[in-house]
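Structure first, then comments.
No lab work stands behind these numbers, since they all come straight from the coordinates. Keep in mind that what you see is a predicted model, and the values were worked out from it rather than measured. Every residue, glycine as well, gets a Cβ built from its backbone with ideal geometry; the counts of neighbours run over all protein chains shown.
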Amino acid sequence: MSKRAFLLLFLFYSSSFSAQNPDELTGSWIELIGQHELSEKWCLGTTAISQHYRVFDDFQFLLLRTGLAYRFSGNALVSVGYDYFYSKSYSEDRPIVQHRAWGEFNLNSRYSNFAISHRYRFESLWTRQEPQYDLSHRLRYRLKVEHPLYKSIYLSVFNEIFINVGRPYFNQNRMALGLGYRLNPNLRVELGYLKLHFDRAHYDRLRLAMFFKTDLFSREIK
C-alpha cells in the first residue's frame, strides 16, 4: 500500500512540473512547526517557513511566526500571534518586509479514518513602503484532511484560500498533496507538492515539513 502511495505522489509531482508555464520555476517550500505545551489549556506555537525559487536555491522569502493558543476542548483552539515576513523578488534587489498580527480559530474532527481540520484566520499586515508602512487586512480559510495509509504513513491534503478585505478580493490560493510519516507521537514529517496560485502568477513547490511537540510543564507536583 505504501509503495503505491509513493508512486502516485511521484507521478502527480512529475506531471505537475511538466504542465507548468516555461517562464515559471520549480522551487521548494520548507516548514518547521512546533507546538509547546504550557499547561492543559495553553500552548505556544512556533513556525519557520522558507521558500526558494529553485529547489533549495535562490531564496524567495522567510517567515517567522509565534502565537499563543487556548484549548477549549480537544477539538477547538483559539490563537493570537505575530509574524515577521522578509521576501526578495527574483528580478529586483529591494526586499519586502511585513509585520503581521493575526487571530485564528481551529476546529478538528474525525469522520471514519479521516482527520479533518478547519482553520479560520484574520490577519492585519503592515508592509514597508518607504518611508512608511501600508496597512491591509485579509481572511484565510484552510481545510486539511489526513488519512492513514500503512502503519505510520498517512496521506495529507489541504487547500487554503486568502481573501482581501477590499478590492481586489482574491489574494491567493494554496493547494498541497503529500505523504506523512510519524516517527513518534511527538514528531512527524511530510513530503509532497504545493501549488501557489495568485492572480497573475502560479508556482509549483516541493514541500517539506516537520512537526514536533514539546511539553514545557509537568502535571506532577514534586
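Sites listed here are chymotrypsin sites (Phe, Trp or Tyr not before Pro) in segment 145-215 whose DSSP assignment is loop and whose Cβ has at most 15 other Cβ atoms within 10 Å: 169, 198.
Entry note, the chain: the mean residue ellipticity at 222 nm calculated from DSSP H runs of n ≥ 4, each adding -39500 (n - 2.57), is -2500 deg cm²/dmol after division by the residues and rounding to the nearest 500. Under the convention that each Lys and Arg Cβ holds +1 and each Asp and Glu Cβ holds -1, the size of the dipole of segment 2-211 around its Cα centre is about 700 debye. A Förster distance of 30 Å, applied to the separation of the beta-carbon atoms of residue 151 and residue 122, puts the FRET efficiency at 0.20.
Calculated on the alpha-carbon coordinates, the convex hull of segment 97-222 measures out at 173 cubic angstrom per residue. Loop-located trypsin sites (Lys or Arg not before Pro) in segment 152-221 (DSSP state not H, G, I, E or B) with no more than 11 neighbouring Cβ atoms inside 10 Å: 200, 219.
Counting lysine pairs in segment 2-211 whose alpha carbons fall under 28 angstrom apart, excluding pairs fewer than 8 residues apart on the same chain, gives 7. The smallest convex shape that holds all Cα atoms of the chain, its convex hull, gives 153 Å³ per residue.
Applying 0.36 nm per residue to the separation of residue 159 and residue 88 and subtracting their alpha-carbon distance, the gain on full extension is 23.1 nm.
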